[in-house]
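> Okay, here's the structure, questions in a sec.
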Amino acid sequence: MTVRDGFQPVKSAGRTLEVLEALAAAPGRQSLGDLARLLEIPKSSLHGILRTMLQRGWVETDPTGTRFGLGVRALQVGAAYLAADDAVSLLDTVLDELAGQFGETVHLGRLDGPHVVYLAKRESIHPLRLYSAIGRHLPAHATALGKALLAEHPDDTVDRLLTWPLRRMTPHTIEDPATLHAALADIRDRGYAIDREENTEGIVCVAMAMPLRQPAVDAISLSIPSTRWDTAVEARIVEALRAAAAQVRAARTLITY
């Protein structure tokens, strides 16, 4: 809906969702003052929202009762979302096959505005690996997953999707529009994206959009420490991702949206 439809957001509902989103994005539990400053909500109003969410299990506190984090209801809703998503179910086998073939970290990601969110993962068998978690949001421009999905769109749409100026994650992160547009053009030509330590130093990722929808909203990546990376590894991963995309293309009639 848009304002032109005559819709006006319900303020209390909007604030509740803002609290949930802030707690989901935070690295740890937050105090009332932290949340009030971040969300620009008066402490008195925020306190009432948090107490209601606490009573319903959407929020939990630390033993002191002064710091807040997500509660078990948030986990239940997130798990229900994944369980009901046909794309996640269909791609589970693909993730297993890639993890078994390479022994490296495999992610399924979905474009969410200027971010990419991890929907599923398979852990690397190696002690040296990428840290990640299902549900984590990362800037799309700084990840192979995100760039593979941004490349599904024309440049003007990409510019509207992203939040400018682009966030710098490492010294290798693409920051200016011209460089990003050139990188996306290359991805469209070759059919896959590479993140060369652009999100995490020491980690190289290769990703390819999965053709379940047009434009694609889901992509699969393999993440490898740069110490285990070379052009031969890249070629093997790209070949495997192309085979996975062909498998998905053949099975997409099973997906309903």
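The values are calculated or read from the model by the stated rules, or taken from the named source; none is laboratory data. Please read these numbers as outputs of a predicted model, since none were measured by experiment. Backbone-built Cβ (ideal geometry, glycine too); neighbour counts: all protein chains shown. Side chains are part of the model used for accessible areas, which takes the heavy atoms of the whole protein and leaves out ligands, DNA and RNA. Shrake-Rupley method; radii C 1.70, N 1.55, O 1.52, S 1.80 Å.
> Suppose we filter the stretch 118-140 for residues that are within 25 Å of ALA185 (Cβ to Cβ) and free of Cβ contacts under 8 Å to residues at least 40 places away in the same chain; how many remain? Write out each step before concluding.
First pass over the stretch 118-140, keeping only residues within 25 Å of ALA185 (Cβ to Cβ): 138-140.
From what is left, the residues that are free of Cβ contacts under 8 Å to residues at least 40 places away in the same chain are 140.
So the answer is 1.
> Are any residues in the stretch 4-38 surrounded by 10 or more Cβ atoms within 10 Å (Cβ to Cβ) and touching a Gly at 6+ places or on another chain (Cβ under 8 Å), and if so, which ones?
Answer for the stretch 4-38, where residues must be surrounded by 10 or more Cβ atoms within 10 Å (Cβ to Cβ) and touching a Gly at 6+ places or on another chain (Cβ under 8 Å): LEU23, ALA24, ALA26, ARG29, GLN30.
> From VAL238, VAL217, VAL233, which residue is within 15 Å of THR105 (Cβ to Cβ) and either open to solvent by less than 20 Å² (accessible area, probe 1.4 Å) or of a type outside the set (D, E, K, R) (or both)? Give the derivation first.
Details: VAL238 fails: within 15 Å of THR105 (Cβ to Cβ); VAL217 fails: within 15 Å of THR105 (Cβ to Cβ).
The match here is VAL233.
> Residues in the stretch 53-68: is at least one open to solvent by 30 Å² or more (accessible area, probe 1.4 Å), free of Cβ contacts under 8 Å to residues at least 40 places away in the same chain, assigned to a helix (DSSP H, G or I) and hydrophobic (A, V, I, L, M, F, W, C)?
Yes, the stretch 53-68 has at least one match.
> Given the conditions (1) open to solvent by less than 70 Å² (accessible area, probe 1.4 Å); (2) out of contact with any Leu (no Cβ under 7 Å at 6 or more places or on another chain); (3) of a type in the set (A, V, I, L, M, F, W, C), report the number of the one that LEU75 does not fulfil.
All conditions are met except number (1).
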